[in-house]
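Heads up, the thing below is written out as structure tokens.
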Amino acid sequence: MIVEIGAYCLILALLLSVAQLGLSTGGRMRGSLALIGAGEGAAGAAFLAVLIAFGALMYAFVTSDFSVANVAANSHTAKPLLYKVAGVWGSHEGSMLLWCLALTGFGAAVALTGRGLPVALKAVVVASQGALGVLFLAYTVFASNPFARLLEVPVEGKSLNPLLQDPALAFHPPFLYGGYVGFSIVFSFAIAALVEGRVDAAWARWVRPWSLAAWSLLTVGITLGAFWAYYELGWGGWWFWDPVENASFMPWLIGTALLHSAVVMEKRGALPGWTVFLALAAFTFSMLGAFLVRSGALTSVHAFAVDPKRGILLLSILGIAAGTGFSLFAWRGPRLAAGGLFAPISREGALVINNLVLSAATATVLLGTLYPLIKEALTGQTLSVGTPYFNLTFAPLMALALLVLPLGPLMAWKRGDALGALQRLWWAAVLAVGAGLGVLALLKPSHGFAAIGMALGVWLIAGALTEVAERVHLGKASGQEVRRRLTGLPRGAWGTTLGHAGLGVFALGASFETAYKIEAAQALSLNQSLNVGAYELTLTDVGQVDGPNYIAERGHLTVSRAGKLACTATPERRFYPAGRQTTSEVYICPEGLSDVYLVLGERRTGTGGNPAWLVRAYWNPWARLIFLGPLFMALGGLISLSDRRLRLGAPRRATAIEAAA
Amino acid sequence: MRLVRALALVLAASLCLGAASEPSERLADPVQEARAKALFTQVRCVVCQNESIDDSQADLAADLRKIVRTEVAQGRNDRQIKAYLVARYGEFILLKPAFSWGNAALWLVPFAIIGLGGLGFLVQARKRTAARSEPELSGLDQALSAAEQEKLTRLLRGDEG
């Protein structure tokens, strides 16, 4: 019964989205506040309907209702509750429902909270969001219905892939989808700006919080995914330049560019056309990602619920939405008034460089991802574009961006003083060059690029600190004055600092880990040892463990450094009978910022006929920074988001109050 | 959306899971072994979904590693080894596409965008500052004309409008 309510609510949501589109469009055209209000109501109701549908599917998963095809294919009675819940978005159908939930949720949020928005602009935003809702809900209802029933009900489900039964991955999709779909609001704002023929600083001020929120969620989502890959796949890698990873990375890169161009737009009124273009592009890349991941057009390590027929439908949705957006841009875009003037050397100029590099980086990732397809279509020749390509193209582009980054915030708007900014950064430059040379001289890294990466990391962190120091007049004003200024800094400034420093932390960790990673593997019998870096690992025991839905061999290893016990590790090799799959449960001994990473392999016969186990171990120095850095960045985004300026965010009202006062 | 990195792993067999460093395969000479290892990261496991033979535990990856190690041990250089692999398995096997005219678009586009974009920005900025700020700036230096002065006085007095 509850499943039927869910199916009903899903169709209802589709109809409500149609109503939302029709009412808001009609209201805008006739200038009828009643119709516009009804459209906003429909947006709220559509979200409620999808929420009920989502709850119904969750109920089916939690109660293991195997008459629902989706549950039977992705769940199992013996699965822990967390993974039953996470199973809701673990399949194609369920994840599309999550997508629709986020889409209607953001639509409802704008409809119900955007009180300060100009009425006409808001009506078009709500209508555009409704149109997107119609596309994706129609797809979900007609081509990927999560509530489809089975005629013959199986006794037991097929279970979710054991690799996915993991806390990081349980929370990964909600963040990721929040990010992807969050850009839909920005897309709708861009459409509205084009329809209304007006883009101004106020528009940018409304767009910024939404893009910040989407960007922060996406950052967390990607980081969780990378962290999961790091400890679950069992070889210590965290980024593979895989098409599916690239699909999530492209909207992030464009979103980052958008955040920065929206700042220019808000503060100086410059770059209006470009900002609107990026706002359209961010969600287009989100949809492209949805298509790439699900269509099977590209070979990926994580081919996800691949179905070419559905791929064509998703491609059509992408074509309709992006096609409309960019046609509108081509038609109305040139009329958007060009904004404030600025010299090439200025804060605007620095942000333009940021946008240029990020766009080139996105184009690189896009090209690298699609090139095998293009090449095969044109010449019939198959080829691969893998990590080495991105190391040679993406990495130098980003290095350029990181090199210029600390200068930006230190330059004035309109006309900056690059020399002056450099003078204020002299100590950061000395530190960075020193760190780079020190690494080269003392530690002899296996790759020269690591020294550059570390120098850039130090440069970014020191640069971010310099910015704060400059803002509070450190060294120029009295201690009391500095303290007063420090508490008075707007949260947006702290967000910037944290974001930029977080990027530096990431660069530091990523280059250090890549350069100094040590790997060792050996078949160990009991009480034999293996050395990895400064650590000695001894296999003391191997036992059997019965989990809720798996059986496992658990190894006990002591990890010691210079004869002192550092930790006791218990890596496992699990067998899941439901899907007949074997996985390895990695054990990570955290040593400060670094990890000793252990994997238990299969049993074999060792020397003298004793049983032995293949043990692989990695020393991943500073690996924590790789994941901490992006979390700092996301935190920076959230802190920025809580800035008073953005929360109040309605300049029209503010002037009204001033006028009254 | 990276969500299911795994389904494929399972399909292409749990054999694709895990990394390469099987102790029994290793070369005795550490210098040669390091060279072989560097090569592994550039060679695709052609039956796996999207992994280098350094990452994959598929049987074919093990075979490929053996081939690479044998070639390294026989003193062939990287270029020769790659050419040998390409002759046997096609260009698909290299994770780094060759620098060739056919792939010019792939290698040049990223840098072309930066170069052309930067140039466009500079030209545009110069043109706009020249076109719009010159009258503004030069206007600043000039004294007001009599009519302007009179209008200003009126405005300041609040007579206008």
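Taken together, the values in this text are just the output of simple stated rules run on the coordinates, not laboratory data. All figures in this text were calculated on a predicted structure; none of them were measured in a lab. Every residue, glycine among them, receives a Cβ derived from its backbone with ideal geometry; neighbour counts consider all protein chains shown.
Structure summary
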{"item": "³J(HN,Hα) computed for each position of segment A:115-123 - Karplus, 6.51 cos²θ - 1.76 cosθ + 1.60, integer Hz, glycine/proline x", "result": "6, x, 5, x, 4, 5, 4, 5, 4"}
{"item": "Peptide ranges B:75-82, A:248-255 listed from the most packed, as the mean C-beta count within 10 angstrom indicates", "result": "A:248-255, B:75-82"}
{"item": "Check: segment A:520-620 dipole with +1 on Lys, Arg Cβ and -1 on Asp, Glu Cβ, in debye", "result": "160 debye"}
{"item": "Per-residue Cβ neighbour rank within 10 angstrom, fewest leading, A:VAL433, A:VAL3", "result": "A:VAL433, A:VAL3"}
{"item": "For segment A:1-165: relative contact order, % (alpha-carbon pairs under 8 angstrom, 6 or more apart)", "result": "35 percent"}
{"item": "Å³ per residue enclosed by the Cα convex hull of segment A:149-262", "result": "149 Å³"}
{"item": "Sequence-separation-based contact order of segment A:421-562, relative, with Cα cut under 8 Å and 6+ spacing, percent", "result": "19 percent"}
{"item": "Global geometry of segment A:425-516, whether rounded, prolate or oblate, following the gyration tensor of its Cα atoms and the 1.5 cut on a/c", "result": "prolate"}
{"item": "Cα-centred dipole magnitude for the protein assembly as shown, charges only on beta-carbon of K, R (+1) and D, E (-1), debye, nearest 20", "result": "1640 debye"}
{"item": "Amide hydrogen neighbours beyond the local backbone of A:LEU271, cut-off 5 Å, H modeled", "result": "A:GLY339"}
{"item": "Mean ellipticity per residue at 222 nm, deg cm²/dmol - from DSSP H runs of n ≥ 4 across chain A, formula -39500 (n - 2.57)", "result": "-22000 deg cm²/dmol"}
{"item": "Positive-end residue of A:GLN20, A:LEU121, A:LEU137, charge dipole of segment A:1-165 with Cβ unit charges", "result": "A:LEU121"}
{"item": "Positive-end extreme of charge dipole, segment A:520-620 - chosen from A:PRO611, A:ASN531, A:LEU598 (charges on Cβ)", "result": "A:PRO611"}
{"item": "Cβ-based charge dipole, the protein assembly as shown, positive-most Cα from A:ALA46, B:CYS45, A:GLY479", "result": "A:GLY479"}
{"item": "Other protein chain Cβ atoms within 10 Å, averaged over every residue that makes up B:102-109", "result": "5"}
{"item": "Footprinting exposure proxy for A:MET287, A:MET58 (fewest neighbouring C-beta atoms within 10 Å first)", "result": "A:MET58, A:MET287"}
{"item": "In order through segment A:192-197: 3J(HN,Hα) via Karplus (6.51 cos²θ - 1.76 cosθ + 1.60), integer Hz, x for Gly, Pro", "result": "4, 4, 5, 5, 6, x"}
{"item": "Residue-averaged beta-carbon neighbours from other chains (10 angstrom radius) around A:613-624", "result": "1"}
{"item": "Spatial separation of Cα centroids for segment A:412-468 and segment A:124-201, in angstrom", "result": "41 Å"}
{"item": "Global form of chain A, assessed from the alpha-carbon gyration tensor, a/c cut-off 1.5", "result": "oblate"}
{"item": "Backbone HN-Hα couplings from phi across segment A:607-620 [Karplus 6.51/-1.76/1.60, Hz, Gly and Pro as x]", "result": "5, x, x, 6, x, 9, 10, 6, 10, 10, 9, 10, 9, 10"}
{"item": "Listed peptides B:61-68, A:411-418, A:26-33 by packing density, highest first (mean Cβ within 10 Å)", "result": "B:61-68, A:411-418, A:26-33"}
{"item": "Cysteines having no other Cys beta carbon under 4.7 Å from their own, within chain A", "result": "A:CYS9, A:CYS100"}
